[in-house]
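Here the structure comes first, spelled out in C-alpha cells, and everything after it is commentary.
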Amino acid sequence: GSAKEKAIRFYRSCMDTQRIESQGSQPLKDLLNQVGGWNITDVGKAKDFNETLQTLMGRYSTFPFFRVHVGPSPFDLKANVIQIDHPEFEVPLESKLKEKNYLEVTYQRLRKGKNSYLDGSPDLFSPTLFFISKLQRVVTPLQERKQRGMLFFHTTIRELQEKAPAIDWLSCLQAVFHPMPMNLSQPIVVHDMDYLRGMSQLIEEWQKERVLHIYMIVCLVGNLFPALDSQFQDARVELSKILYGKKGSSMIPAERWRKCLTDTSFFFEPVLGQMIVKQIFPQQTKKLAEQMFSEIQEALYGQLDQLEWMDEQTRQEAKVLVSKLQVEIGYPAHILQTAKVNLEYQNLEINEDTFFLNVVACLEVLRENSYLKLLQHRSQDNWRVSPWAVHSYYSIRHHMVVFPAGMFRSPFFHMDFP
C-alpha cells in the first residue's frame, strides 16, 4: 500500500483501545524476553552488555548511555555527520526525587498487569537509581561546554574507542547505520567528550552488576510506552506529575485521538504534511504569500538607502544580504512528491490489529532514514518545522527564512486581508 494508507492504518491501530487493552503488557513481555528480560533475579546467563546495547540502538532506536543522530557538519556546510551526545534522561538532571520514580512506577504497573511475570521487590531497583544519578553527574553543563569549546569536538571512531573503551563503538554505530559501511576512520562529532569518558568508567565499574542490563531495559520500556495499554499511560501521567508538578499532567494528551495524531505525525510527518498542505494550503494561497514577501523584501531593500546612520560599505553589504535572502513558504518541495514519500515507507508493514508491533516497525524505519540522511548532502529542503507548525525560523546556514503552511491560517493570515 501507499505511505498514506499505512499512516491511516497506523492511526486506526492506535485508536483501537479495546484491542490494545485486551493485549495488556503481553506484547512488551514478549519483546523483553528477546533481549534478556529484566534479569533482576540473577538467574540464567547474562547477555553480553555491548550485544544488548547494539540490539536496543539498532532495532528499537533506544539510546540508554549516549544519543546518536545525524546533523549538519560544523565544518562542511553541505555535509551531514554522525553526532554523539549524552542521552535524554527520564528524570531531570539534579532531580531530588527519592521515593517515587519511573523505575518503580514501571515495575509496579507491570506487576499489576493481567499477565504479571515480575517477582521480587522494587528495592532491587535502588542500585539502578544510584547508577542513573552517578551517570547524570558526569554530564558537563551546557554553559561550561560552550565556554570550553566542547560542543563540536571532531574525532573518529578509533579515537573514541581509545577514550571511552567500555563501548564497542564500531559495532554500535554499525547497528544504527546498517547497511551503510563503517570503519574506524569514520568522522564523528562529539558534544561532551568528558561525559563519554565518565560514562565509560562507570560502565566498567558496574560491569559485573545486573544494574546495566536493568537500566537498558527501563530505557527500552520508556521508549515503547506510547504503544502500550492504559496502565502504562497512567504510569506516565503519574510520573509527569511527579517530575513536573501540575503542568506534567498536561504534557500528555488526554484525548485518545490527539495522542494518536501526535504518534502518527511523529512517524509519518511527510505523509501528514502532504495531506494537510493539500487541504489547507492551495496554490493560490502560496502564490499570494510569496508575492507579499517579495514586495516586503523589495521595500526593505529600498529603505536601506534612506538610513542616514549607515555608511556606504555597510549599506552595500546589507543590500547583498537582503537580495540573497531566501524565503520559503508553506512546505518543502519534496512533500508533494508522492512517489518519493512512498519510497521512504516501502519496507514498512502496518497491521491494524497490532499497534505495539506497528510502533516497533516504525522505529526501524526511523533508523533506516538516519543512515539515508548521512549519505545525502545537507539540503535546505530539510526544514526544522512541520508544514502545519505555526512558527517561523531563520536559518543562518542557508540564509533562509521559513514560514510553514500552518501560519497561513486564520487568525494569522487570510486571503482577503493579507
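The values are calculated or read from the model by the stated rules, or taken from the named source; none is laboratory data. Quick caveat, the model's predicted, so the values are computed rather than measured. Neighbour counts are summed over all protein chains in view; Cβ atoms, including those assigned to glycine, are modelled from backbone coordinates with ideal geometry. Protein only, heavy atoms only, side chains kept; ligands, DNA and RNA dropped before computing areas. Shrake-Rupley method; radii C 1.70, N 1.55, O 1.52, S 1.80 Å.
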Counting only the heavy atoms of the protein chains, how much of Ser410 is accessible to a 1.4 Å probe, in Å² to the nearest 10? 90 Å²
Give the separation of the Cα centroids, the range 128-181 to the range 280-303, in Å. 45 Å
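Within the range 128-190, which trypsin sites (Lys or Arg not before Pro) sit in a loop by DSSP and count at most 13 neighbouring Cβ atoms inside 10 Å?
Taking the range 128-190 and a limit of 13 other Cβ atoms within 10 Å, the loop trypsin sites (Lys or Arg not before Pro) found are Arg148.
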Please tell me which of these pairs span more than 20 angstrom C-alpha to C-alpha: Lys47/Lys208; Lys287/Lys373; Lys29/Lys259; Lys78/Lys373; Lys6/Lys259; Lys6/Lys340? Lys287/Lys373; Lys29/Lys259
What FRET efficiency, computed as 1/(1 + (r/R0)^6) with R0 = 25 Å and r the Cβ-Cβ distance, is obtained for Ser2 and Gln283, rounded to the nearest 0.05? 0.65
If each residue of separation counts as 0.36 nm, what is the full-extension length gain between Ser185 and Glu368 once their alpha-carbon separation is subtracted? 63.7 nm
What distance in nm separates the simple spin-label points at Glu352 and Val322, each placed 7 Å from Cα in the Cβ direction? 5.7 nm
Label-to-label distance, nm, for residues given as Glu290 and Gln143 (7 Å Cα→Cβ offset): 4.6 nm
If R0 = 56 Å, then Leu300 and Asp48, at their Cβ-Cβ distance, give a FRET efficiency to the nearest 0.05 of 0.35
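Per residue, how much accessible surface does the range 176-307 expose to a 1.4 Å probe? Answer in Å², no decimals. Before the final figure, lay out the partial values.
Working: 6500 Å² over 132 residues.
With all protein chains present, the range 176-307 gives 49 Å² per residue.
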